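Accompanying notes for the structure given below.
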Amino acid sequence: GCMLNGKQYPFGFIERTEDCYRCSCSQSEMKCCSLFSTTVSYDKEKCKIIVNKKHCDYDVVEKNDPSKECFPQARV
């Protein structure tokens, strides 16, 4: 298998790791790409980014009330 961030994964395709990567593991190498989108535009004075590993995404929420999502925002 392959080792990623201290965890052993089997050979083959890994749909999702604990750290939100999609990987391909072979005897010669391990290739991975992140499942996170990148938030590039939001009100940085009013809002903050919180990592959501359950959904492999970022939540952009109000600093004063994290229960409220910030709009508008742009992601790539």
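Values computed for the structure shown
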| item | result |
| --- | --- |
| Residue ID - farthest from CYS70 (Cα to Cα), chosen from residues in the stretch 1-29 that are touching a Lys or Arg at 6+ places or on another chain (Cβ under 9 Å) and assigned to a loop (DSSP other than H, G, I, E, B) | GLU15 |
| Scan of the stretch 30-73 for residues that are assigned to a loop (DSSP other than H, G, I, E, B), modelled with pLDDT of 90 or more and β-branched (Val, Ile, Thr), ordered by number | none |
| Residue that is surrounded by the most Cβ atoms within 10 Å (Cβ to Cβ) [pool: residues in the stretch 30-53 that are more than 28 Å from PHE71 (Cβ to Cβ) and touching a residue at least 12 places away in the same chain (Cβ under 8 Å)] | CYS32 |
| Members of the stretch 44-73 found to be in contact with a Phe, Trp or Tyr (Cβ under 9 Å, 6 or more places away or on another chain) and farther than 27 Å from THR17 by Cα, listed by number | CYS70, PHE71, PRO72 |
| Check on CYS56, touching a strand residue (DSSP E or B) at 6+ places or on another chain (Cβ under 6 Å) and either surrounded by 11 or more Cβ atoms within 10 Å (Cβ to Cβ) or within 30 Å of CYS70 (Cα to Cα) (or both) | no |
| Residue ID - farthest from GLY1 (Cα to Cα), chosen from residues in the stretch 11-29 that are open to solvent by less than 50 Å² (accessible area, probe 1.4 Å) and over 14 Å from the mean Cα position of the chain (by Cα) | ILE14 |
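The values are calculated or read from the model by the stated rules, or taken from the named source; none is laboratory data. Worth saying up front: this structure is predicted, and the values here are computed from it rather than measured. Glycine also receives a Cβ, built like all others from the backbone with ideal geometry; neighbour counts cover every protein chain displayed. Just the protein is used for accessible areas: all its heavy atoms, side chains included, with ligands, DNA and RNA removed. Shrake-Rupley method; radii C 1.70, N 1.55, O 1.52, S 1.80 Å.
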